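Enquirer: Please read through the structure below; I'll follow up with questions.
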Amino acid sequence: MTDKIPELTLEGIELDAAVPTLTLTPEAPEAPVAVEEPQIEPVEMDERLLTEEERKAVEEFSKKIDIRDTNMILQYGAAAQKSVASFSESALSSVRSKDLGEIGQDLSKLVVELKGFGGEERKGLLGLFRKAGRSIEAMKAEYGKVEANVEKIAQALEQHQITLLKDVAMFDQMYELNLKYYKELTMYILAGKKRLAEIRATEVEALRKKAEESGLAEDAQAYNDLVNLCGRFEKKLHDLELTRMVSVQMGPQTRLLQNNDTLMIEKIQSSLVNTIPLWKSQMVLALGLEHSRQATAAQSAVTEMTNELLKRNAETLKMGTIATAKEAERSIIDIQTLRETNEKLISTLDEVLTIQREGAAKRQAAEAELGRIEGQLKAKLLELRG
């Protein structure tokens, strides 16, 4: 209870962070069980990687190694390293010169040609049957044009297929050659390690004891020189191990490239032996259906025309008969016409009478106005005389 209470704070805590669980019990929360990663057994490079004949060859070759020969140490295993480097360059050149994108473009062109047949909208084969007015000749002409393009693409795909088949065979040879380099480097490394272990166990140990017993500087220098030579040779063997690892990785890489080419060959083969023939058979069905559609359309047009003519004839006969009957029952002069004529005549007489009355009233008003005007004039003249 005398312990200092820890200070709680909200600073630096994310809002979405998990909230810790508080408890008054002394039991601690169970720690998450760590998942053990599978142990990977390292590959030990020893004579178990070799056959009996290869072991004998390594044993004999190790005896010829002279680590005191500086030039030998520099050139040790160099030929195998150069072979691996040349092999890597060859694989890189093969990948660099191969344009799988071009094959993909040709396959895309093939899909476009096969899907795009049928109509100006280029909406695929189904668009073929939506064009009711298209003629067989137009379909055949378009089919011939598309077929020519498809044949060109098929020829290009066949050339790609031949090239890829050659590449697959070449990758088999490269894989076998890489196995040879891998085995050769393994033998160089094992022979070098064997010889290095012998020298360190015998010559180096002997020189160390001699230098300790004699105390002479030249003996100590001879011991030190041999130790340095062993270190240089050990570094050379490490370089060979790195090159060997490159060769180990080149094996699956070569198989991956070969598998990619094989998959592309299968894709091309499927297009040549399945897709194109199926498209052509579909075209045969399309043309046959178009023939049937046109025949059906023609028959339907004849039927529709016959029904239309019958309807028109019946309608014409009906209209003619009714018009004739109406005309026969009609009087020479319709009562309605006489009624309208009489109404217009009465209206005309009324308007004439109104006009006459208005004219008489206007004349009376004019006479009164003339008398007034005359009186005004007479009065004005009398004024002038006085």
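Enquirer: Which order, highest average first, do 207-214, 239-246, 378-385 follow once you tally other Cβ atoms within 10 Å for each residue and take the mean per peptide?
Expert: Values: 207-214: 14.0, 239-246: 17.5, 378-385: 8.0.
For the peptides 207-214, 239-246, 378-385, the packing ranking is 239-246, 207-214, 378-385.
Enquirer: Residues with beta-carbon under 11 Å from that of Gly77, excluding Gly77: net charge, scoring Lys, Arg +1 and Asp, Glu -1? Present the calculation step by step, with values, prior to reporting the outcome.
Expert: Working: positive: Lys82, Lys236, Arg244; negative: Glu184, Asp239, Glu241.
It works out to a net charge of 0.
Enquirer: Counting Lys +1, Arg +1, Asp -1, Glu -1, what net charge surrounds Asp239 among other residues with beta carbon under 13 Å of its beta carbon?
Expert: Working: positive: Lys82, Arg232, Lys235, Lys236, Arg244; negative: Glu234, Glu241.
My count for the surroundings of Asp239 gives +3.
Enquirer: Okay, moving on. In debye, nearest 20, what is the charge dipole magnitude of the range 168-250 about its Cα centre with +1 on Lys and Arg Cβ and -1 on Asp and Glu Cβ, if you could check? Working shown, then result.
Expert: Working: 13 positive and 14 negative charges, 42 e Å.
So the dipole magnitude of the range 168-250 works out to roughly 200 debye.
Enquirer: What are the ³J(HN,Hα) values, in whole Hz, obtained from phi via the Karplus relation 6.51 cos²θ - 1.76 cosθ + 1.60 with θ = phi - 60°, for each residue of the range 225-231 in sequence order, with x given for Gly and Pro?
Expert: 4, 5, 4, 5, 4, 5, x
Enquirer: Using +1 at the C-beta of Lys and Arg and -1 at the C-beta of Asp and Glu, which of Leu190, Leu240, Gln253 has the Cα lying farthest in the positive direction of the dipole of the range 176-261?
Expert: Value: Gln253.
Values in this text are rule-based calculations from the coordinates and carry no lab data. Quantities reported herein were computed from a predicted structural model and do not represent experimental measurements. Note that we place each Cβ from the backbone using ideal geometry, even for glycine, and neighbour counts take in every protein chain shown.
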